[in-house]
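A quick write-up on the structure given underneath.
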Amino acid sequence: MQVTVESTGTLERRMRVELPAARIDQEVDSRLKSVGRTAKIKGFRPGKVPPKVVKQRYGKQIREEVLSELMQKSYSDAVMQENLIPAGGPKIEPEVTKDGQSFAYTATFEIMPVVELKGIDKIKVEKPDVSIGDEDLDDMILKLRKQKASWEVVDRKSAEGDRVVVDFSGKLKGESIAGGEGSDVPVVLGQGQMLPDFEKALYGMRAGEEKTFKLKFPKDYHAEELQGKKVDFAIEVHRVENEVLPPVDDHLAEQFEVKEGGIEQFKEDVLENMHREAEAKVKNDVREQVLNGLIEANPFEIPQSLKRQEMHTMQHEAMRRLGIEDHDQAPPIESFADMAEKRVRLGLLIRQLVSDQNMTVDTDMVRARVEDMCAGYENAEEMVNVYMSNPQMVQQIEPMVLEDQAINWLMENGKVTARKVSFAEYMNT
């Protein structure tokens, strides 16, 4: 086997492999003899079919099979011989040699890039130090009370926070617009349910009152036919309602399934959940900073075959999330290009870091990740045992844990500064 390799790009290689014709002919003859011993051809007894007849009947098919198998095996042998690591499958083009004494083909493929990590000690991370005070807890409980609020009819003008129940109709040049009519529609003033000018028209109205007004739709409105257009609206108020919040007592705790410990236990649960939410967001923020810093410090060209493969994977993930089965209705594959490139780049960088630092999966971190995943189940401990006893599930979790270990290592070896921030400020950004 003769092999020559040509660089046709930073990562692309064009490899020519030449095989002796005798090797191919020998394998074809061997298979023809094997087939001849069992071939059933009309007019001949099994095992007595003349070699010429066997060759006429099966020669072409067997030769194609031999060439296909030899190309696959010789390709694998050739890349090993040349110390190449392909990033994806090759494009193979057979060729006919002039002398007829050999068979050759060219394989075009991309190789994996050589990644040499640098600038790790210069990665800067600002880690939020989130404080949760009594005011933050009160605000959160207020939000939860609003979820259980009731509404009572009031005989006064509507104001901020009131719920106004209305009928409305909109017309453009005297013609009704699509989606421009509603009956008994509740609108809570100040929540931005409707366009600002529509909501503004509802302030200061009483039950039984009617009003007409013009509303100019934004230029970026989702319905193109209404963008920037002035529409005539007529509204009639059926009733004005005032929000009634439940008191902060044991009954409120019961409404949120806190069966023991009353309101004090409810507050503890809310506070614990706030800490958990803040910790999760901090972790994601830090992760993003670390990975972006790693990318910026290590620019290199990635194999386009890996990028295309990742784009297809992301497209199928999106189809599954959106419940799309018809591939013609799938989101455009080009829309995943940037994120796919980032995923591939990070995958190569993290893999190199894990290799350089001889990292192995921390089994305690695997279990902690599983416990976190199962925390919402009533039988959490039982579910953890189910996960941990299933090798396939554990194998799916291990790469995520290794990535966490790599990020922790990068933080330890980078430049981390703390930034104090309140819960309200941080969670609303």
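The values are calculated or read from the model by the stated rules, or taken from the named source; none is laboratory data. Because the structure is predicted, anything quoted here is derived from the model rather than measured. When we count neighbours, we look across all protein chains shown, and the Cβ atoms used for this are built from the backbone with ideal geometry, even at glycine.
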Residue pairs qualifying under the 6 Å Cβ cut-off, at least six apart or on distinct chains, with the first in segment 250-271 being touching a residue at least 12 places away in the same chain (Cβ under 8 Å) and in a helix (DSSP H, G or I) and the second being buried (at least 17 other Cβ atoms within 10 Å of the Cβ) and small (Gly, Ala, Ser), are GLY262/ALA253; ILE263/ALA253; PHE266/ALA253
**Prompt:** Would you say GLY59 is farther than 30 Å from LEU306 by Cα, surrounded by 15 or more Cβ atoms within 10 Å (Cβ to Cβ) and touching a residue at least 12 places away in the same chain (Cβ under 8 Å)?
**Reply:** yes
If we keep only residues of segment 185-235 that are among the polar types (S, T, N, Q) and more than 23 Å from LYS146 (Cα to Cα), then the residue surrounded by the most Cβ atoms within 10 Å (Cβ to Cβ) is GLN227
Residue pairs qualifying under the 8 Å Cβ cut-off, at least six apart or on distinct chains, with the first in segment 326-352 being touching a residue at least 12 places away in the same chain (Cβ under 8 Å) and the second being among the small types (Gly, Ala, Ser) and surrounded by 13 or more Cβ atoms within 10 Å (Cβ to Cβ), are ALA330/ALA318; PRO331/ALA318; PHE336/ALA318; ILE350/ALA406
Within segment 239-249, can one find any residue that is within 20 Å of VAL166 (Cβ to Cβ), within 35 Å of the chain's Cα centre (by Cα) and among the hydrophobic types (A, V, I, L, M, F, W, C)? no
Checking GLU181, GLU126 in turn, the sole residue that is surrounded by 12 or more Cβ atoms within 10 Å (Cβ to Cβ) and in contact with a Lys or Arg (Cβ under 9 Å, 6 or more places away or on another chain) turns out to be GLU126
Practice problem: Report yes if some residue within segment 367-388 is hydroxyl-bearing (Ser, Thr, Tyr), under 30 Å from GLU116 (Cα atoms) and either within 23 Å of the chain's Cα centre (by Cα) or loosely packed, with under 14 Cβ neighbours inside 10 Å (or both); otherwise report no. | Solution: no
Picked from segment 74-122 (must be among the acidic types (Asp, Glu) and within 20 Å of LEU353 (Cα to Cα)), the residue modelled with the highest pLDDT is GLU116
Checked ARG13, ARG45 against criteria (basic (Lys, Arg) and under 22 Å from THR106 (Cα atoms)); the one match is ARG13
Within segment 203-230, the count of residues that are farther than 30 Å from ASP155 by Cα and part of a strand (DSSP E or B) comes to 2
Apart from one, (1) among the basic types (Lys, Arg); (2) within 30 Å of ASP250 (Cβ to Cβ); (3) within 38 Å of the chain's Cα centre (by Cα) all hold for LYS219; the odd one out is (2)
Across segment 92-130, the tally of residues that are under 29 Å from the mean Cα position of the chain (by Cα), closer than 27 Å to MET1 by Cβ and in a strand (DSSP E or B) stands at 3
Counting only residues that are among the acidic types (Asp, Glu), free of Cβ contacts under 8 Å to residues at least 12 places away in the same chain and either touching a Gly at 6+ places or on another chain (Cβ under 7 Å) or farther than 30 Å from GLN56 by Cβ (or both), segment 1-32 contains a total of 1
For segment 150-175 the number of residues that are exposed (fewer than 12 other Cβ atoms within 10 Å of the Cβ) and among the small types (Gly, Ala, Ser) is 2
Residue set GLU65, GLU12; condition surrounded by 16 or more Cβ atoms within 10 Å (Cβ to Cβ), acidic (Asp, Glu) and out of contact with any Cys (no Cβ under 7 Å at 6 or more places or on another chain); output residue GLU12
Reported set for segment 334-360 where residues are β-branched (Val, Ile, Thr) and loosely packed, with under 15 Cβ neighbours inside 10 Å is THR360
